[in-house]
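*Asks:* Handing you this structure, nothing more for now.
The values are calculated or read from the model by the stated rules, or taken from the named source; none is laboratory data. If you're wondering where the values come from, they're calculated on a predicted model, not measured in any experiment. Glycine also receives a Cβ, built like all others from the backbone with ideal geometry; neighbour counts cover every protein chain displayed. Protein only, heavy atoms only, side chains kept; ligands, DNA and RNA dropped before computing areas. Shrake-Rupley method; radii C 1.70, N 1.55, O 1.52, S 1.80 Å.
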Amino acid sequence: MDERRKELLLKLLSHPHFTWRTLTVLSNVIGLDFERTKALLLEVGARGSANNPELWSLESRNPVQNEILQ
């Protein structure tokens, strides 16, 4: 079940029109609470925003150094 959830997270986070997604949307789509969703997000290579705790993105699409330098 977690593998399917990880696939869904990767699809959402890789969408060309969205570089950031809200934790609420991600959690709702995979059907888990915020804490478990965050754990899976980290497992797939995502990270939270330094400026908004609700936003998540793939580290490969939004390296942390880019956000800190802005």
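*Asks:* One residue is enough: does the stretch 26-35 have a residue meeting the conditions on the phi > 0 side of the Ramachandran plot and out of contact with any Leu (no Cβ under 6 Å at 6 or more places or on another chain)?
*Replies:* There is at least one residue in the stretch 26-35 that is on the phi > 0 side of the Ramachandran plot and out of contact with any Leu (no Cβ under 6 Å at 6 or more places or on another chain).
*Asks:* When you go through (1) modelled with pLDDT of 95 or more; (2) assigned to a loop (DSSP other than H, G, I, E, B) one by one for ASN51, which number turns out not to apply?
*Replies:* (1)
*Asks:* Checking the conditions here, which among TRP56, TRP20 is surrounded by 14 or more Cβ atoms within 10 Å (Cβ to Cβ), out of contact with any helix residue (DSSP H, G or I) (no Cβ under 8 Å at 6 or more places or on another chain) and in contact (Cβ under 8 Å) with a residue 12 or more places away in the chain?
*Replies:* Only one candidate passes the filter, namely TRP20.
*Asks:* Which of the residues belonging to the stretch 32-47 are free of Cβ contacts under 8 Å to residues at least 12 places away in the same chain and open to solvent by less than 60 Å² (accessible area, probe 1.4 Å)?
*Replies:* Within the stretch 32-47, ALA39 is the sole residue that qualifies.
*Asks:* Is at least one residue of the stretch 2-18 part of a strand (DSSP E or B) and in contact with a strand residue (DSSP E or B) (Cβ under 8 Å, 6 or more places away or on another chain)?
*Replies:* Checked against the condition, which is being part of a strand (DSSP E or B) and in contact with a strand residue (DSSP E or B) (Cβ under 8 Å, 6 or more places away or on another chain), the stretch 2-18 yields no hits at all.
*Asks:* I need the full set of residues from the stretch 19-48 which are in a loop (DSSP other than H, G, I, E, B) and either over 20 Å from ARG4 (Cβ atoms) or within 9 Å of the chain's Cα centre (by Cα) (or both), in order please.
*Replies:* Hits for the stretch 19-48 are THR19, TRP20, VAL44, GLY45.
*Asks:* Turning to a different aspect of this structure: Right, LYS11: modelled with pLDDT of 95 or more and touching a Gly at 6+ places or on another chain (Cβ under 8 Å) or not?
*Replies:* Criteria not met by LYS11.
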